[in-house]
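Report on the structure given below.
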Amino acid sequence: MRRQDAAVLVAAGGFLLAAAALVTHRLGWAAAAGSVGLLAATAARAWSRSRPGPMSHALRWSLHLPRGPHSPARLLRILDPQPGQALLEVGPGIGTHALPTAAAIAPGGVLHAIDIQPAMVRDLERRAAGAGIRNIVAVPGDATKLGYPNATFDAIVLITVLGEIPDPRAALAEFRRVIRPGGRLVIGEMMIDPDFVSIRELRALAGAAGFALDHVAGPRFAYLACFRPAP
């Protein structure tokens, strides 16, 4: 498990204890627990910045939690996938978004999914098979070295993943290479994630790679941003 993942768990525990202490009017305990939570959250952020990497496979259970502004239904509204399209999801995890997205592009469409962790790929494959979804091609892969020809995909999706990639600039350059003219790059970020990328930072990174921001949905602390390839 990454140090930042362990720190996030400590932070969550601290904030929950602080809330419980406030309810029972134990202000000293609330202050102490809240301080622990804040310190752990700060450490998680610092460690993520200094040593980015994928969320531990041991924490895959957290991907089953409600996603709020990042719900699959909300993503589908932003992404607007159509039957027959070719899509790519980077870092799909257990398939929270991949399964409904693949269903939306059937028949004829294919969702390619790459994850740096082979164990996550296997989880996705098992869940897709159990759901009867057969148009997902899942493989272990590195976002900075995509094995696809130029202009392959109608859309590319990353949900709370970009900050985990050690070289996001190289990854975005690859996304620009493999996306088709007029395609959509949808990136979701959430502030409670230690790997959070702000919309300002993302816009600068994506702009340098040749993407133009189309629109942003949701609050700035839990947004979905849609980019288009710049002319």
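The values are calculated or read from the model by the stated rules, or taken from the named source; none is laboratory data. Because the structure is predicted, anything quoted here is derived from the model rather than measured. With ideal geometry, Cβ positions are generated from the backbone for all residues, glycine too; neighbour counts draw on all protein chains shown. Ligands, DNA and RNA are stripped out before the accessible areas are found, and what is left, the full protein with its side chains, is counted by its heavy atoms. Shrake-Rupley method; radii C 1.70, N 1.55, O 1.52, S 1.80 Å.
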- Message: If a residue must be over 22 Å from Val178 (Cβ atoms) and either open to solvent by less than 10 Å² (accessible area, probe 1.4 Å) or not in a loop (DSSP other than H, G, I, E, B) (or both), how many such residues does the stretch 100-124 contain?
- Response: 5
- Message: So Pro52 passes all but one of these: (1) in a helix (DSSP H, G or I); (2) more than 14 Å from Val121 (Cβ to Cβ); (3) within 14 Å of the chain's Cα centre (by Cα). Which condition number does it fail?
- Response: (1)
- Could you please give the count of residues in the stretch 60-99 that are over 13 Å from Val157 (Cβ atoms), under 14 Å from the mean Cα position of the chain (by Cα) and part of a helix (DSSP H, G or I)? 6
- Hey, can you tell me all the residues within the stretch 206-231 that are in a strand (DSSP E or B), open to solvent by less than 30 Å² (accessible area, probe 1.4 Å) and among the hydrophobic types (A, V, I, L, M, F, W, C)? Phe211, Ala217, Ala222, Leu224, Ala225, Cys226, Phe227
- Query: over 22 Å from Phe227 (Cβ atoms), within 15 Å of the chain's Cα centre (by Cα) and among the small types (Gly, Ala, Ser), is that true of Gly163?
  - Reply: no
- Query: Restricting attention to the stretch 128-144, does a residue exist that is among the aliphatic types (A, V, I, L, M) and within 15 Å of the chain's Cα centre (by Cα)?
  - Reply: yes
- Within the bounds of the stretch 130-139, is there any residue that is assigned to a loop (DSSP other than H, G, I, E, B), open to solvent by 40 Å² or more (accessible area, probe 1.4 Å) and of a type in the set (S, T, N, Q)? no
- What residue, of Gly84, Gly91, is of a type outside the set (A, V, I, L, M), in contact (Cβ under 8 Å) with a residue 24 or more places away in the chain and under 22 Å from Pro181 (Cβ atoms)? Gly84
- For residues that are open to solvent by 20 Å² or more (accessible area, probe 1.4 Å) and outside any strand (DSSP E or B), tally how many sit in the stretch 176-195. 5
